[in-house]
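Take a look at the structure below.
The values are calculated or read from the model by the stated rules, or taken from the named source; none is laboratory data. Because the structure is a prediction, the values reported are computed rather than measured. FYI the Cβ positions are ideal-geometry reconstructions off the backbone, even for glycines, and counts take in every protein chain you see.
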Amino acid sequence: MILQIKTMATQKVLEYNSLVKGIVYQDTDTPSFESQIDEMSNEALAKQDIHLDETQFNELTKQFV
């Protein structure tokens, strides 16, 4: 599989006689990064409301103070 991908990439480089930026391939056997993280299933992490009590907050930040 990897050899086939390298061969296809090499063919594209030769076709355009230069490096091609952004060659993408799809691996249907490996699950996406996002699908493996439960917290990302409903909405983006940046849009999620995170409620921490004072103890949790202090525990997370104590290494930086």
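Okay, here's what the table says:
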| quantity | calculated |
| --- | --- |
| Conditions (1) of a type in the set (Asp, Glu); (2) within 18 Å of the chain's Cα centre (by Cα); (3) loosely packed, with under 10 Cβ neighbours inside 10 Å: number failed by residue 49 | (2) |
| Subset of segment 22-50 (residues that are part of a helix (DSSP H, G or I), at pLDDT 80 or above and of a type in the set (A, V, I, L, M)) | 46 |
